[in-house]
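This report refers to the structure that appears directly beneath it.
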Amino acid sequence: MNKIKYLIALSSLLPAAIYAAEELSETGEMLDGIAAVVNDGVVLKSQLKRQIDRIIVRANEQGMKLPPQDVLEEQVLEQLITEEVQMQRASRVGIEISDQILNSALKRIAEQNGIRFEDLPEMLRKEGVDYGEYRRDMRTQLVLEQLRQIDVVGRISVAPREIEQCIADLEDNVVVNSEYNLSHLLISVPDSATAEDYAEAEAEADEVYQKLLDGADFAEMAIRHSDIASGLEGGRMGWRKGSQLPTLFSDVVGPLGAGKFSKPIRAVSGFHIVKVNEVRGTLERSEIKQKEVRHILVMPNEIIDNETAQQKLRDARARILAGESFAEVAKLVSDDTGSANNGGTMGWVNPGSFVPEFEKVADEIEIGTLSEPFQTRFGWHILEVTDRRTYDNTEEVKERNCVERVRNSKLADESELWVRRIRDEAFVEKRI
């Protein structure tokens with residue numbers, strides 16, 4: 001079984017921790033200390049040490065050479081500072097991750113590793129990972145993902161002409177019909193960089209490129225030189241669909257081939273070097289199983305309890321089975337205003353469009369059969385599947401991928417500039 005990738009994270013701390021962090025034991029021994037003050041929060045020395053220890057363990061497992069201790073310490077501290085700044089920002093905008101959302105994410109990880117959710121703590125223990133820490137780290141990552149969606153992704157616009165141009169490019173483009181396992185490093189420039197800043201970054205990027213040509217390991221170069229968080233993971237990006245790659249990368253990966261790396265690529269955020277680890281083909285056409293569904297919903301309230309809601313649906317079902325029009329009964333009875341005016345029809349729907357309880361009934365019932373009343377979080381339903389089909393949704397997938405591709409082409413630079421901006425605006429006092 002593959003090891004679960006341990007998430008790098010940092011829990012947000014209360015302002016009082018700035019004063020309480022440096023404690024002495026009864027014998028006068030320092031229990032912990034402050035590595036950096038970040039606005040009204042802190043990064044503790046214990047957090048810094050724990051993260052460095054994790055990186056050293058992973059590097060040893062993968063046979064990667066790390067930079068000198070002082071350089072590694074500075075890189076990791078800067079990463080933790082940046083995460084603390086983002087967590088403080090997330091707190092200000094009110095982002096919270098419930099236990100339900102967190103458990104759902106952990107269940108997906110367990111399923112990907114072929115185990116039950118209940119067995120995840122034991123699996124982590126065997127890997128030397130504390131389950132409590134893992135949950136805290138995962139919660140932090142989910143918070144940061146939501147923050148990025150709000151502050152970066154949600155503000156990136158995609159114009160119709162960009163989608164049209166992207167779709168036109170798809171037809172003869174080998175890259176978009178392939179998948180790439182990539183690694184990547186970035187030599188960044190400051191916000192509002194000068195020509196001198198770019199010249200210095202380019203010189204460093206050229207030096208890294210030359211070392212790669214001379215046989216240097218890409219992962220080690222990423223750890224030593226890359227200015228983004230993935231650098232400490234050897235620059236690994238994992239598998240990406242060619243159609244969803246940023247234009248910056250898709251323009252260069254095609255000619256490279258597996259095992260090859262690009263020359264430094266200039267961008268707003270600095271100079272990128274991309275390596276293609278593996279390539280595999282993908283199918284051009286896409287098909288999905290759709291179903292045509294109509295339903296009637298009764299929502300319990302202060303007047304209508306669960307039993308009354310069920311009885312209303314039993315009566316409605318009896319009327320339909322006796323020959324009344326489903327559409328007319330739905331218009332009179334259904335509390336789903338979105339479909340009632342259309343006779344209860346929800347049209348052709350894709351897999352996963354409904355909540356699990358509804359989806360299960362819709363998947364299992366025979367075409368033309370009227371279900372018994374059943375309950376979901378929205379209330380009580382009866383439904384009928386009027387037809388099923390295999391639908392070629394290639395064009396919709398192309399458009400969806402193009403929206404994602406165009407957005408991704410802007411995302412890397414926008415994310416880097418956003419992180420750098422909020423980092424520069426923060427008050428930071430390093431104490432090591």
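Is it the case that the stretch 202-210 has a residue that's at pLDDT 90 or above and within 22 Å of residue 414 (Cα to Cα)? Before you say what the answer is, go through the steps one by one.
Residues of the stretch 202-210 at pLDDT 90 or above: 202-210.
Checking the rest, the ones that are also within 22 Å of residue 414 (Cα to Cα) come to 202, 205.
Yes.
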Legend entry - Answer residue from the stretch 284-314, given it is of a type in the set (A, V, I, L, M) and in contact (Cβ under 8 Å) with a residue 60 or more places away in the chain and is surrounded by the fewest Cβ atoms within 10 Å (Cβ to Cβ) among those: 299
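Taking the options 76, 85, name whichever one is among the aliphatic types (A, V, I, L, M), within 24 Å of residue 217 (Cα to Cα) and not in a loop (DSSP other than H, G, I, E, B).
Numbers: 85 fails: within 24 Å of residue 217 (Cα to Cα).
That would be 76, the only listed residue that is among the aliphatic types (A, V, I, L, M), within 24 Å of residue 217 (Cα to Cα) and not in a loop (DSSP other than H, G, I, E, B).
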Legend entry - Selected residue [surrounded by 16 or more Cβ atoms within 10 Å (Cβ to Cβ), modelled with pLDDT of 90 or more and not charged (D, E, K, R)] from 9, 59, 35: 35
Inset, instruction - Determine whether the stretch 341-355 contains at least one residue that is under 16 Å from residue 377 (Cα atoms), hydrophobic (A, V, I, L, M, F, W, C), loosely packed, with under 13 Cβ neighbours inside 10 Å and in contact with a strand residue (DSSP E or B) (Cβ under 7 Å, 6 or more places away or on another chain). - result: yes
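Look through 148, 108, 161 and report the one residue that is free of Cβ contacts under 8 Å to residues at least 24 places away in the same chain and closer than 28 Å to residue 276 by Cα.
Among 148, 108, 161, only 108 is free of Cβ contacts under 8 Å to residues at least 24 places away in the same chain and closer than 28 Å to residue 276 by Cα.
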Legend entry - Selection from the stretch 111-139 of residues that are out of contact with any Leu (no Cβ under 8 Å at 6 or more places or on another chain), outside any loop (DSSP other than H, G, I, E, B) and free of Cβ contacts under 8 Å to residues at least 12 places away in the same chain: 111, 112, 118, 119, 121, 122, 125, 126, 132, 133
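The values are calculated or read from the model by the stated rules, or taken from the named source; none is laboratory data. Since this is a predicted model, take the numbers as computed values, not measurements. With ideal geometry, Cβ positions are generated from the backbone for all residues, glycine too; neighbour counts draw on all protein chains shown.
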